Amino acid sequence: MQFPFAPAVPALILAAMTLSLPTHGEETHRELGAHVHGHGTLNMAVEEKRVSMELEVPGMDIVGFEHAASTEEQKAAVEKAKAQLAKPLALFALPPQAGCAVAEASVAVEAEQHDDDHDAGDKEDAKAEHDHEEAAGHNQFHATYALDCTRPAELTAITFDYFKLFAGAHELTVNVVTAKGQSKYEVSRDKPMLDLDGIM
């Protein structure tokens, strides 16, 4: 399996996985639309000794607002969050026997894409709402990580300390691709441990 870009997870593999493995969280995602506060996504792929991860989370979950930072306090909050998100091993506690070290980490704040799904009779309301959204913006945090693990077969569990760091975060959908196949999980503030035994 070759990665078209590193350290992000292969897009085609994850797209296929997301479509083929529906979960309760995915149904909620469809009903509520693309922008769901409290819910993010972690994509993870393991190829030999390299673990690639991609985290996408609404800005509200991380800093408590989703518009572009405008005050000094908001800008400081974004910079602090980016520094925290740049430390994947502090977010996702891996078994020490796996011997994982961070090779690359990148964090950005991006404008989230919106669906333009409106009825013809609601064009004026939709335009006003769209203009409001464009002005306010819905930002999300996007992080990519590459870890090198001396014993990737020992990656039997992940504890999501991420939830301890970010009070607005409540759930993550976790998509995992390994040589043994693909899996989809839900972790939450109440259940922050992910059992990966048998899929590495």
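Structure data summary
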| read-out | value |
| --- | --- |
| Estimated distance in nm for a label pair at ALA157 and HIS170, the labels positioned 7 Å out from Cα along Cα-to-Cβ | 2.6 nm |
| Set LYS49/LYS164; LYS49/LYS87; LYS49/LYS180; LYS49/LYS80; LYS49/LYS75; LYS75/LYS191 screened for pairs whose C-alpha atoms are more than 26 Å apart | LYS49/LYS164; LYS49/LYS80; LYS49/LYS75; LYS75/LYS191 |
| Protection proxy ranking, peptides 173-184, 40-51, average beta carbon neighbours within 10 Å, highest first | 40-51, 173-184 |
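Read the figures in this text as sums done on the coordinates, not as results from a lab. Worth saying up front: this structure is predicted, and the values here are computed from it rather than measured. Cβ sites come from the backbone with ideal geometry, for glycine too, and all protein chains shown count toward neighbours.
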